[in-house]
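I have placed the structure first, in the form of structure tokens, so that the comments after it can refer back to it.
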Amino acid sequence: MGEVKNMSDRNVVIIGSGPAGYTAAIYAARANLKPLVLAGYSAGGQLITTTEVENYPGFPEGVMGPDLMENMRKQAERFGAEILYKDVTKVDFSKKPFSVTYEDTTVTAQAAIIATGAAPRKLGIPSEQKLWGHGVTSCATCDGAFYKGKEVAVVGGGDSAMEEATFLTRFANKVTVVHRRPELRASKIMQDRAQKNAKISWLLGQDIAEVVGNGKVSGLKLKDAKTGTESTINVDGLFLAIGHIPNSALFNGVIKTDQDGYILVDHKTQTNVTGVFACGDVVDRHFRQAITAAGSGCASAISAERYLESIE
């Protein structure tokens, strides 16, 4: 590892680099705060693994997720943000200035913005990974419109699965809900709404053994959870609705979260530690859109700037 080097004190360090982190960087850089962005090795967040984004305002023809992130990164750098593709391994928010460590380097900062995002829970099968972004997705709001007149499946048994399935009936001809348990765990009102929808059909007590497709999804291989009997259904898309995991483990015991690990913030994106702000999907269990993440990144940067003014 070598000796830990201490980089000069920064105004603000931004941890993470999806739409929230990069937007925070744009605003902080334009406020002349010279932010350091520790973008992580897999910079760009969930948009890096998506293909076309059609609902980001200002792009009437749509934009590729990776291109949108690349443009945000360039915009932040143009105004003086410094971006390092390093994963943060340790933070100390117990004293001022804060310290943030990556590899063998520790940076100190007067303020910090957490934008570490979240990751969709996955089934953990190779075919799912291979077809991710080519018919396998975790966001009906993002990708539903691509399935007009087609047949899709939603995997999950909770409220979000019912919500996604119901939403997808606006576009798809048929939506099949696949759930490994024989009963749903969604609230009664959400179940009733979905069960009244003629476009939704149900395959309960079924595990997904394989996502079938060559370059794009064409079907699912299912396995009965009780008997092990295998069957196949034809679908054009698979939507995962089995939850998200916020990337907040790095801040355990220091930054307050809810029971699922989402960081708790006030209306100004301030965490329980004064001078530490959080934005994007690591705080947002409801919307999880690029535009809402970007909006909260903007709020965090403005809050950090005002906080820095107040302590000068």
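For segment 42-77, the set of residues classified as more than 14 Å from ALA294 (Cα to Cα), at pLDDT 90 or above, among the hydrophobic types (A, V, I, L, M, F, W, C) and under 17 Å from the mean Cα position of the chain (by Cα) consists of MET64 only.
Looking at segment 298-312, which of its residues are modelled with pLDDT under 95 and either in a helix (DSSP H, G or I) or not charged (D, E, K, R) (or both)? I'd like the intermediate steps shown before the answer.
Initially, segment 298-312 is screened for residues modelled with pLDDT under 95, giving 311-312.
Result: ILE311, single match.
I'd like to know if segment 251-259 contains one or more residues that are in the same structural domain as ARG285 (by TED's automatic domain parsing), surrounded by 15 or more Cβ atoms within 10 Å (Cβ to Cβ) and either touching a Cys at 6+ places or on another chain (Cβ under 9 Å) or in a strand (DSSP E or B) (or both). Yes, segment 251-259 contains a residue that is in the same structural domain as ARG285 (by TED's automatic domain parsing), surrounded by 15 or more Cβ atoms within 10 Å (Cβ to Cβ) and either touching a Cys at 6+ places or on another chain (Cβ under 9 Å) or in a strand (DSSP E or B) (or both). Scanning segment 231-243 finds one or more residues that are surrounded by fewer than 16 Cβ atoms within 10 Å (Cβ to Cβ), over 30 Å from ILE15 (Cβ atoms) and either hydroxyl-bearing (Ser, Thr, Tyr) or at pLDDT below 95 (or both).
Working only within segment 29-53, note down all residues that are part of a loop (DSSP other than H, G, I, E, B) and either at negative phi or not assigned by TED's automatic domain parsing to the domain that holds MET72 (or both). Can you show your working first?
So in segment 29-53, the residues part of a loop (DSSP other than H, G, I, E, B) come out as 31-35, 39-44, 50-51.
Result: ALA31, LEU33, PRO35, ALA39, TYR41, SER42, ALA43, THR50, THR51.
Candidates are the residues of segment 120-137 that are of a type outside the set (D, E, K, R) and surrounded by fewer than 17 Cβ atoms within 10 Å (Cβ to Cβ); the one that is nearest to ILE302 (Cα to Cα) is GLY133. Scanning segment 200-226 for residues that are in a loop (DSSP other than H, G, I, E, B) and touching a residue at least 60 places away in the same chain (Cβ under 8 Å), which turns out nearest to VAL152 (Cα to Cα)? Across segment 200-226, the extreme among qualifying residues is LYS216.
When each of LYS90, LYS96 is tested for being basic (Lys, Arg) and either assigned to a loop (DSSP other than H, G, I, E, B) or closer than 30 Å to HIS179 by Cα (or both), the lone residue that passes is LYS96. For GLU151, are the conditions met, namely being within 24 Å of ILE189 (Cβ to Cβ) and among the acidic types (Asp, Glu)? So GLU151 fails the test.
Here LYS174 fulfils each of the conditions (1) within 30 Å of ASN272 (Cβ to Cβ); (2) modelled with pLDDT of 95 or more apart from (1).
The values are calculated or read from the model by the stated rules, or taken from the named source; none is laboratory data. All figures in this text were calculated on a predicted structure; none of them were measured in a lab. Every residue, glycine among them, receives a Cβ derived from its backbone with ideal geometry; neighbour counts consider all protein chains shown.
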